[in-house]
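This report refers to the structure that appears directly beneath it.
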């Protein structure tokens with residue numbers, strides 16, 4: 001007899017969090033383009049450290065916690081609880097740009113994932129306000145009967161892979177280096193998934209200010225991410241360069257000092 005599949009919805013989740021899934025993620029880089037333009041991210045090591053911090057104590061962590069709460073609220077049929085987490089997810093966005101990003105991704109995900117939600121759920125959602133991306137994912141997972149742990153793992157891996165993919169185009173990085181980064185991030189992805197699965201809203205919290213500030217200044221979300229070839233122009237971002245030092249050889253503005261130093 002064939003062995004049972006530990007993750008029965010693996011095929012669906014691979015589709016939903018594939019880079020080809022049409023949510024427009026390629027047009028958003030989570031502030032990465034600003035960090036690259038300011039020479040904060042210059043190579044694979046700095047990109048890996050940046051993503052690791054987001055997973056450990058940044059937006060990656062918060063989004064996972066929000067997904068868990070949205071999943072539980074929708075599974076329980078608690079509309080008030082679901083509305084509360086949807087509102088909280090918007091409030092937690094550190095800037096107008098981050099709010100626009102998460103709502104745009106959430107709306108696109110809700111639209112593209114309708115075949116998994118079922119006709120009744122899709123109709124009930126019609127005309128409803130857009131919700132943040134992790135909230136939309138939690139809702140869909142509960143509707144479709146996906147397991148929470150498998151959904152979390154797929155979502156978190158997709159989050160990391162999307163950032164590394166953006167870095168390939170922006171820094172730029174070789175594809176082989178991107179693969180090595182994702183391989184080294186696997187323990188972090190698993191650890192976040194396990195922690196988030198046991199989390200409550202009391203566990204929300206972020207300490208990735210460099211990323212939040214970079215996202216705040218990322219006002220050009222061109223789909224091609226052509227900022228990878230643009231010269232850094234700190235004055236246009238309202239930032240001031242510092243004198244080069246051994247720790248900061250490029251003189252990056254203080255607000256964007258390499259987040260890797262926090263790792």
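Bear in mind that the values in this text are calculations on the coordinates, not laboratory data. Not measured: the values here are computed from a predicted model. When we count neighbours, we look across all protein chains shown, and the Cβ atoms used for this are built from the backbone with ideal geometry, even at glycine.
A few points about this structure:
- Label-point separation in nm, residue 174 to residue 42, each point 7 Å along Cα→Cβ: 1.9
- Residues 156, 168, arranged from fewest to most other Cβ atoms within 10 angstrom of their Cβ, appear as 168, 156.
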